[in-house]
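The values are calculated or read from the model by the stated rules, or taken from the named source; none is laboratory data. Not measured: the values here are computed from a predicted model. Using ideal geometry, Cβ is built from the backbone for each residue, glycine included, and neighbour counts are taken over all protein chains shown. These area figures cover heavy atoms from the full protein model, side chains too; ligands, DNA and RNA do not enter into them. Shrake-Rupley method; radii C 1.70, N 1.55, O 1.52, S 1.80 Å.
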Amino acid sequence: MSIEITKASYKPYEDKMKSSLSVLESNFNTIRAGRANPKLLDGISVNYYGVDTPLQQVANVQVPEARSITITPWETKMLSDIERAIQAANLGINPLNDGKCIRLNFPPLTEDRRRELTKDVSKFGEEAKIAIRQIRREALEQYKAYEKDSQISEDEYRIFEEEVQKLTDTYVEKIDEAVERKNKDVMEL
């Protein structure tokens, strides 16, 4: 029994590579670039009647100005729980509770802090590239096993290898572009 190599043969690996790129983008959302970004709060959960609930489901999150976020809970008794959750998230920002809403003010980033953040961005980018290369390795090992079992020919394996490498190069290039964009965003005043 032989296996036919078609465009569908590459699809599962391309989907995994797309997923790695999505993870990179979500990691970038956790990096503060000097401007208020409500996605910074995505990982924060609040105890709401005994259930850990995402912050956005218990409060209205708005960005009234470029350097501040306001969080207005649906129930005012949630203010102290939200304040504690934000402090526990270690965002580097102290929440200001005025009794009706919580305000997060983002100070401008120092040059040193910007340089530190670009290192974090580069680290996330490198982790994504490693994930892409691991996916390539997984694909090649799978098809090498098919070749060994005589399900595909050596020529078919070489063609598959070249196509997977092209796919890998494309996604590594997309990662490099995303890292460059985020670094530019972080270094912008």
Checklist entry - Which of VAL61, ILE175, ASN97 sits farthest toward the positive end of the charge dipole of region 41-189, with +1 on the Cβ of Lys and Arg and -1 on the Cβ of Asp and Glu? => result ASN97
Checklist entry - To the nearest 20 debye, what charge dipole does the chain have about its Cα centre, counting +1 at the Cβ of each Lys and Arg and -1 at the Cβ of each Asp and Glu? => result 820
Item to check | Per residue convex hull volume, Cα atoms of the chain, in Å³ | outcome: 149
Checklist entry - Considering amide H positions built from the backbone, and no H for Pro or chain starts, which residues 5 or more places from ILE152, or on another chain, come under 5 Å of its amide H? => result ILE3, GLU147
Checklist outcome for this item: Spelling it out for ALA36: with amide H atoms placed in the peptide plane at 1.01 Å from N, the residues 5 or more places away or on another chain with amide H under 5 Å from its amide H are ARG67, SER68
Item to check | Whole-number D in µm²/s for region 48-154 (Stokes-Einstein; Kirkwood sum over Cα pairs; 10 °C, 1.306 mPa s) | outcome: 88
Checklist entry - When ligands, DNA and RNA are left out and all protein chains stay put, how many square angstrom of accessible area per residue does the chain have with a 1.4 Å probe? => result 60
Next on the checklist: Counting each pair of different Cα atoms once, what's the Kirkwood radius of region 98-189 in Å, rounded to one decimal?
Outcome noted: 16.5
Checklist entry - For LYS123, which lysines qualify as cross-link partners when the Cα separation must be under 25 Å and same-chain residues fewer than eight apart are set aside? => result LYS16, LYS18, LYS39, LYS166, LYS174, LYS182, LYS184
Checklist entry - Taking θ as phi - 60°, what are the ³J(HN,Hα) couplings along region 8-16 by the Karplus curve (6.51, -1.76, 1.60), each to the nearest whole Hz, with x for Gly and Pro? => result 5, 5, 8, 3, x, 6, 5, 4, 5
Next on the checklist: Kirkwood Rh over alpha-carbon pairs of region 1-111, then Stokes-Einstein at 10 °C and 1.306 mPa s: what D in µm² s⁻¹, rounded to an integer?
Outcome noted: 98
Item to check | Backbone HN-Hα couplings from phi across region 39-46 [Karplus 6.51/-1.76/1.60, Hz, Gly and Pro as x] | outcome: 5, 4, 8, 4, x, 8, 10, 10
